[in-house]
Amino acid sequence: AMEKEEMGQRLVYLGVLFDSIRMVLSFDPDAASSFASELREAVANIKLGKHLTDSDKRHIAGKLSHFSQVLQQGRMRITYWWAYFHHGASMLEGGLILLYRDSEWWLRQLDAWSEGGHSSCEYPILSSSVLASDPRKVIILQSDASGPHGFGYIWGFLEEIDPQYYSSQWAQGELALCDRSSHYAELRALDHFVRTTVLTDRVLFWITDSQSAFYSVNKGTCHEYESRDLLSSILSRCDLLHISLLAIWVPRDYNILPDYLSHLAFNLHRSE
(Lines give C-alpha, C1' and ligand atoms only; values in the text may rest on other atoms or scores of the structure.)
Protein backbone atom coordinates (compact mmCIF):
# COMPACT_ATOMS: atom_id res chain seq x y z
CA ALA A 1 0.00 0.00 0.00
CA MET A 2 1.26 3.45 -0.92
CA GLU A 3 0.54 4.83 2.53
CA LYS A 4 2.99 2.31 4.01
CA GLU A 5 5.92 3.53 1.93
CA GLU A 6 8.74 5.25 3.80
CA MET A 7 11.81 7.16 2.71
CA GLY A 8 14.88 7.51 4.89
CA GLN A 9 18.37 6.36 5.69
CA ARG A 10 17.37 4.41 8.84
CA LEU A 11 14.25 2.29 8.40
CA VAL A 12 12.72 -0.48 10.52
CA TYR A 13 11.20 -3.42 8.67
CA LEU A 14 9.58 -6.18 10.75
CA GLY A 15 11.74 -5.28 13.74
CA VAL A 16 15.07 -5.14 11.87
CA LEU A 17 16.75 -1.75 11.58
CA PHE A 18 18.38 -1.05 8.21
CA ASP A 19 20.89 1.75 8.73
CA SER A 20 22.34 2.99 5.43
CA ILE A 21 24.32 5.72 7.23
CA ARG A 22 26.51 3.22 9.08
CA MET A 23 25.67 0.41 6.59
CA VAL A 24 24.63 -2.09 9.27
CA LEU A 25 21.64 -4.22 10.22
CA SER A 26 20.56 -4.36 13.84
CA PHE A 27 17.42 -4.82 15.94
CA ASP A 28 15.10 -1.94 16.77
CA PRO A 29 14.69 -1.63 20.58
CA ASP A 30 11.03 -0.52 20.47
CA ALA A 31 10.01 -3.26 18.06
CA ALA A 32 11.90 -5.84 20.13
CA SER A 33 10.20 -4.71 23.34
CA SER A 34 6.76 -4.84 21.73
CA PHE A 35 7.28 -8.30 20.29
CA ALA A 36 8.72 -9.60 23.57
CA SER A 37 5.41 -8.65 25.25
CA GLU A 38 3.47 -10.46 22.50
CA LEU A 39 5.61 -13.57 22.81
CA ARG A 40 5.35 -13.69 26.62
CA GLU A 41 1.58 -13.38 26.45
CA ALA A 42 1.34 -16.07 23.77
CA VAL A 43 3.43 -18.54 25.78
CA ALA A 44 1.43 -17.80 28.95
CA ASN A 45 -1.84 -18.48 27.11
CA ILE A 46 -0.57 -21.77 25.67
CA LYS A 47 0.51 -22.90 29.14
CA LEU A 48 -3.04 -22.12 30.36
CA GLY A 49 -4.52 -24.20 27.56
CA LYS A 50 -5.74 -21.16 25.59
CA HIS A 51 -4.33 -22.05 22.19
CA LEU A 52 -3.63 -19.31 19.67
CA THR A 53 -5.49 -18.54 16.48
CA ASP A 54 -3.89 -19.46 13.14
CA SER A 55 -3.27 -15.78 12.52
CA ASP A 56 -1.42 -15.32 15.81
CA LYS A 57 0.60 -18.51 15.31
CA ARG A 58 1.64 -17.44 11.82
CA HIS A 59 2.56 -13.97 13.08
CA ILE A 60 4.89 -15.25 15.81
CA ALA A 61 6.50 -18.03 13.77
CA GLY A 62 6.97 -15.68 10.81
CA LYS A 63 8.47 -12.92 12.95
CA LEU A 64 10.96 -15.31 14.56
CA SER A 65 11.90 -16.64 11.12
CA HIS A 66 12.54 -13.08 9.98
CA PHE A 67 14.79 -12.40 12.98
CA SER A 68 16.69 -15.64 12.34
CA GLN A 69 17.74 -14.39 8.92
CA VAL A 70 19.93 -11.89 10.79
CA LEU A 71 20.60 -13.80 14.04
CA GLN A 72 21.65 -17.11 12.45
CA GLN A 73 21.63 -19.14 15.67
CA GLY A 74 17.92 -18.32 15.81
CA ARG A 75 17.38 -20.82 12.98
CA MET A 76 17.78 -23.51 15.65
CA ARG A 77 14.97 -22.00 17.72
CA ILE A 78 12.03 -21.74 15.32
CA THR A 79 11.29 -25.41 14.52
CA TYR A 80 8.76 -25.96 17.31
CA TRP A 81 6.91 -22.72 16.64
CA TRP A 82 6.31 -23.88 13.06
CA ALA A 83 5.32 -27.30 14.42
CA TYR A 84 2.83 -25.54 16.71
CA PHE A 85 1.51 -23.57 13.74
CA HIS A 86 0.72 -26.84 11.96
CA HIS A 87 -0.51 -28.92 14.92
CA GLY A 88 -1.81 -26.41 17.49
CA ALA A 89 -3.69 -28.00 20.37
CA SER A 90 -2.81 -31.51 19.14
CA MET A 91 0.91 -30.91 19.57
CA LEU A 92 2.50 -33.43 21.94
CA GLU A 93 3.58 -32.36 25.42
CA GLY A 94 7.24 -32.97 24.60
CA GLY A 95 7.01 -30.58 21.65
CA LEU A 96 5.37 -27.92 23.80
CA ILE A 97 8.16 -28.19 26.38
CA LEU A 98 10.71 -27.55 23.62
CA LEU A 99 8.62 -24.66 22.34
CA TYR A 100 8.70 -23.09 25.84
CA ARG A 101 12.47 -23.62 25.99
CA ASP A 102 13.06 -21.96 22.62
CA SER A 103 10.69 -19.12 23.51
CA GLU A 104 12.70 -18.39 26.65
CA TRP A 105 15.84 -18.21 24.50
CA TRP A 106 14.17 -15.73 22.16
CA LEU A 107 12.90 -13.65 25.05
CA ARG A 108 16.46 -13.28 26.37
CA GLN A 109 17.54 -11.97 22.96
CA LEU A 110 14.55 -9.65 22.68
CA ASP A 111 15.09 -8.23 26.17
CA ALA A 112 18.74 -7.51 25.32
CA TRP A 113 17.73 -5.78 22.08
CA SER A 114 15.07 -3.80 23.96
CA GLU A 115 17.81 -2.38 26.17
CA GLY A 116 19.97 -1.54 23.17
CA GLY A 117 22.30 -4.47 23.83
CA HIS A 118 23.60 -7.18 21.53
CA SER A 119 26.00 -4.98 19.58
CA SER A 120 27.75 -8.21 18.55
CA CYS A 121 24.73 -8.97 16.37
CA GLU A 122 25.08 -5.80 14.36
CA TYR A 123 25.74 -6.99 10.83
CA PRO A 124 27.37 -5.07 8.00
CA ILE A 125 25.20 -4.54 4.93
CA LEU A 126 27.27 -6.22 2.23
CA SER A 127 25.84 -5.23 -1.13
CA SER A 128 26.84 -6.87 -4.40
CA SER A 129 28.92 -3.79 -5.27
CA VAL A 130 30.83 -4.04 -1.97
CA LEU A 131 31.53 -7.74 -2.51
CA ALA A 132 32.57 -7.17 -6.13
CA SER A 133 34.98 -4.40 -5.16
CA ASP A 134 36.61 -6.38 -2.32
CA PRO A 135 37.05 -10.12 -3.02
CA ARG A 136 38.39 -10.59 0.51
CA LYS A 137 34.86 -10.06 1.83
CA VAL A 138 33.94 -13.50 0.44
CA ILE A 139 35.44 -16.67 1.94
CA ILE A 140 35.26 -19.97 0.08
CA LEU A 141 35.64 -23.07 2.27
CA GLN A 142 35.48 -26.57 0.79
CA SER A 143 35.73 -29.54 3.14
CA ASP A 144 35.28 -33.27 3.53
CA ALA A 145 35.37 -35.81 6.35
CA SER A 146 36.35 -39.47 6.61
CA GLY A 147 34.66 -41.50 9.33
CA PRO A 148 37.68 -43.51 10.48
CA HIS A 149 40.48 -41.08 9.60
CA GLY A 150 39.73 -37.36 10.01
CA PHE A 151 38.74 -34.26 8.10
CA GLY A 152 40.31 -31.70 5.80
CA TYR A 153 39.54 -28.52 3.92
CA ILE A 154 40.87 -25.85 1.62
CA TRP A 155 39.94 -22.21 1.97
CA GLY A 156 40.68 -18.83 0.49
CA PHE A 157 39.08 -15.58 -0.59
CA LEU A 158 37.14 -15.11 -3.79
CA GLU A 159 39.55 -15.21 -6.77
CA GLU A 160 42.22 -16.76 -4.51
CA ILE A 161 45.03 -18.36 -6.52
CA ASP A 162 46.92 -19.82 -3.55
CA PRO A 163 44.37 -21.23 -1.06
CA GLN A 164 45.38 -22.61 2.33
CA TYR A 165 44.69 -26.18 3.42
CA TYR A 166 44.24 -28.12 6.64
CA SER A 167 44.14 -31.82 7.51
CA SER A 168 43.51 -33.43 10.89
CA GLN A 169 42.96 -36.83 12.45
CA TRP A 170 40.00 -37.24 14.77
CA ALA A 171 40.75 -36.69 18.43
CA GLN A 172 40.56 -39.92 20.41
CA GLY A 173 37.37 -38.85 22.18
CA GLU A 174 35.43 -38.11 19.01
CA LEU A 175 36.59 -40.93 16.74
CA ALA A 176 33.68 -43.24 17.53
CA LEU A 177 31.09 -40.47 17.07
CA CYS A 178 32.54 -39.27 13.77
CA ASP A 179 32.79 -42.82 12.46
CA ARG A 180 29.15 -43.43 13.41
CA SER A 181 27.72 -40.13 12.13
CA SER A 182 28.92 -38.75 8.80
CA HIS A 183 26.61 -35.77 9.34
CA TYR A 184 28.43 -34.80 12.54
CA ALA A 185 31.82 -35.43 10.91
CA GLU A 186 31.07 -33.07 8.00
CA LEU A 187 29.90 -30.33 10.38
CA ARG A 188 33.03 -30.86 12.48
CA ALA A 189 35.20 -29.69 9.57
CA LEU A 190 33.16 -26.49 9.26
CA ASP A 191 33.27 -26.04 13.04
CA HIS A 192 37.07 -26.21 13.06
CA PHE A 193 37.34 -23.39 10.53
CA VAL A 194 34.88 -21.01 12.22
CA ARG A 195 36.40 -21.66 15.66
CA THR A 196 39.94 -20.92 14.51
CA THR A 197 39.37 -18.00 12.14
CA VAL A 198 39.71 -14.40 13.28
CA LEU A 199 38.10 -12.97 10.14
CA THR A 200 35.03 -10.79 10.65
CA ASP A 201 32.36 -9.05 8.56
CA ARG A 202 32.40 -11.58 5.70
CA VAL A 203 30.25 -13.91 3.69
CA LEU A 204 31.29 -17.55 4.03
CA PHE A 205 30.34 -20.06 1.33
CA TRP A 206 30.79 -23.59 2.67
CA ILE A 207 31.03 -26.21 -0.08
CA THR A 208 30.25 -29.79 0.95
CA ASP A 209 29.30 -33.07 -0.69
CA SER A 210 26.98 -33.94 2.22
CA GLN A 211 23.36 -33.17 1.37
CA SER A 212 22.22 -33.57 4.98
CA ALA A 213 24.88 -31.17 6.32
CA PHE A 214 24.12 -28.70 3.51
CA TYR A 215 20.45 -28.77 4.45
CA SER A 216 21.14 -28.47 8.19
CA VAL A 217 23.29 -25.35 7.83
CA ASN A 218 20.87 -23.50 5.53
CA LYS A 219 17.73 -24.50 7.46
CA GLY A 220 19.21 -24.55 10.96
CA THR A 221 17.79 -27.94 11.87
CA CYS A 222 18.94 -31.53 12.36
CA HIS A 223 17.74 -34.55 14.31
CA GLU A 224 20.92 -35.87 15.90
CA TYR A 225 21.50 -34.51 19.40
CA GLU A 226 25.27 -34.16 18.99
CA SER A 227 24.97 -32.60 15.55
CA ARG A 228 22.36 -30.16 16.79
CA ASP A 229 24.66 -28.85 19.53
CA LEU A 230 27.55 -28.60 17.07
CA LEU A 231 25.44 -26.73 14.52
CA SER A 232 24.24 -24.32 17.21
CA SER A 233 27.86 -23.64 18.16
CA ILE A 234 28.79 -22.99 14.52
CA LEU A 235 25.97 -20.52 13.96
CA SER A 236 26.65 -18.76 17.28
CA ARG A 237 30.30 -18.33 16.34
CA CYS A 238 29.33 -16.93 12.93
CA ASP A 239 27.00 -14.44 14.62
CA LEU A 240 29.82 -13.36 16.93
CA LEU A 241 32.16 -12.80 13.97
CA HIS A 242 29.46 -11.17 11.81
CA ILE A 243 29.92 -13.90 9.21
CA SER A 244 26.95 -14.76 7.00
CA LEU A 245 27.08 -18.49 6.35
CA LEU A 246 25.67 -20.18 3.26
CA ALA A 247 26.15 -23.84 2.33
CA ILE A 248 26.50 -25.14 -1.23
CA TRP A 249 26.24 -28.82 -2.17
CA VAL A 250 28.45 -30.43 -4.83
CA PRO A 251 28.69 -34.07 -5.97
CA ARG A 252 31.57 -36.13 -4.60
CA ASP A 253 33.30 -36.00 -7.99
CA TYR A 254 33.79 -32.25 -7.43
CA ASN A 255 35.20 -32.69 -3.93
CA ILE A 256 38.36 -34.67 -4.68
CA LEU A 257 41.01 -32.47 -3.00
CA PRO A 258 39.15 -32.11 0.35
CA ASP A 259 38.57 -35.89 0.27
CA TYR A 260 42.34 -36.38 -0.10
CA LEU A 261 42.95 -33.98 2.80
CA SER A 262 40.52 -35.88 5.04
CA HIS A 263 42.95 -38.85 4.92
CA LEU A 264 46.26 -36.98 4.71
CA ALA A 265 47.07 -36.47 8.40
CA PHE A 266 46.18 -40.09 9.16
CA ASN A 267 48.35 -41.40 6.34
CA LEU A 268 51.27 -39.24 7.51
CA HIS A 269 50.79 -40.43 11.13
CA ARG A 270 50.36 -36.81 12.29
CA SER A 271 47.63 -35.35 14.44
CA GLU A 272 47.25 -32.41 12.03
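General observations
- When the chain is reduced to its Cα atoms, the Kirkwood hydrodynamic radius in Å: 20.4 Å
- Charge context of ARG202, other residues only, Cβ under 12 angstrom, K/R +1, D/E -1: 0
- In a reduced charge model with +1 at each Lys and Arg Cβ and -1 at each Asp and Glu Cβ, segment 189-272 shows a dipole moment near 120 debye about its Cα centre.
- Antiparallel bridge percentage (DSSP; both residues within segment 83-221; nearest 5): 75 percent
- Dipole magnitude of segment 4-43 about its Cα centre (Cβ charges: Lys, Arg +1; Asp, Glu -1), debye to nearest 20: 120 debye
- Distance histogram in 10 Å bins (all Cα pairs of segment 1-57, percent per bin): 20, 34, 28, 15, 3
- Overall form of segment 152-255 per C-alpha gyration tensor (a/c, 1.5; a/b vs b/c): rounded
- Low-density loop positions, GluC sites (Glu not before Pro), segment 90-168 - DSSP coil, at most 15 other Cβ in 10 Å: GLU115, GLU122, GLU159, GLU160
- Once the Cβ-Cβ distance of GLU115 and HIS59 is raised to the sixth power relative to R0 = 25 Å, the FRET efficiency obtained is 0.60.
- Calculated FRET value between TYR260 and LEU131, using beta carbons and R₀ = 30 Å, to 0.05: 0.50
- Using a probe of 1.4 angstrom and keeping all protein chains present, the accessible surface of the chain works out to 53 square angstrom per residue.
- CD proxy at 222 nm, helix term only [per DSSP H run n ≥ 4: -39500 (n - 2.57); per residue of the chain; nearest 500]: -15000 deg cm²/dmol
- Extension gain, LEU175 to HIS51: 0.36 nm times the residue separation minus the Cα-Cα distance gives 40.1 nm.
- Length-normalised contact order of the chain in % [C-alpha pairs under 8 Å, at least 6 apart]: 19 percent
- Approximating the spin labels as points 7 Å out from Cα along Cα→Cβ, the LEU92-to-GLN211 distance works out to 2.6 nm.
- When the charge dipole of the chain is built from unit charges on Cβ atoms (+1 for Lys and Arg, -1 for Asp and Glu) and taken about the Cα centre, the candidate among HIS223, ILE256, LEU141 whose Cα reaches farthest toward its positive end is HIS223.
- For the options LEU231, LEU92, LEU177, a Gaussian network treatment of the chain with springs between C-alpha atoms closer than 10 Å singles out LEU92 as fluctuating the most.
- Normalised by the number of residues in segment 49-120, the average gap of Cα pairs under 8 Å and 6 or more apart makes the relative contact order 27 percent.
- Square roots of five times the Cα gyration tensor eigenvalues for segment 202-272, Å: 23, 15, 14
- Low-density loop positions, trypsin sites (Lys or Arg not before Pro), segment 1-67 - DSSP coil, at most 16 other Cβ in 10 Å: ARG22, LYS50
- Between LEU107 and VAL198, the simple label model (points 7 Å from Cα in the Cβ direction) yields a spacing of 4.0 nm.
- Applying 1/(1 + (r/R0)^6) with R0 = 25 Å to the Cβ-Cβ distance of GLU122 and SER33 gives a FRET efficiency near 0.90.
- Solvent exposure of CYS222, expressed as accessible area, is near 20 Å², computed with a probe of 1.4 Å over the protein chains only.
- For the chain, built as a Gaussian network whose Cα springs stay under 10 Å, the top-fluctuating residue of SER233, SER20, SER133: SER133
- Selection among TRP106, TYR80, PHE67 by position relative to the dipole of segment 1-143 gives TYR80 as farthest towards the positive end (Cβ unit charges, Cα centre).
- Computed from point charges on the beta carbon alone (+1 for Lys and Arg, -1 for Asp and Glu), the dipole magnitude for the chain about its Cα centre is near 360 Debye.
The values are calculated or read from the model by the stated rules, or taken from the named source; none is laboratory data. Because the structure is predicted, anything quoted here is derived from the model rather than measured. A quick note on method: Cβ atoms are made from the backbone with ideal geometry, for glycine too, and the neighbour counts reach across all protein chains shown. To get the accessible areas, we keep the full protein, side chains included, count just its heavy atoms, and leave off ligands, DNA and RNA. Shrake-Rupley method; radii C 1.70, N 1.55, O 1.52, S 1.80 Å.
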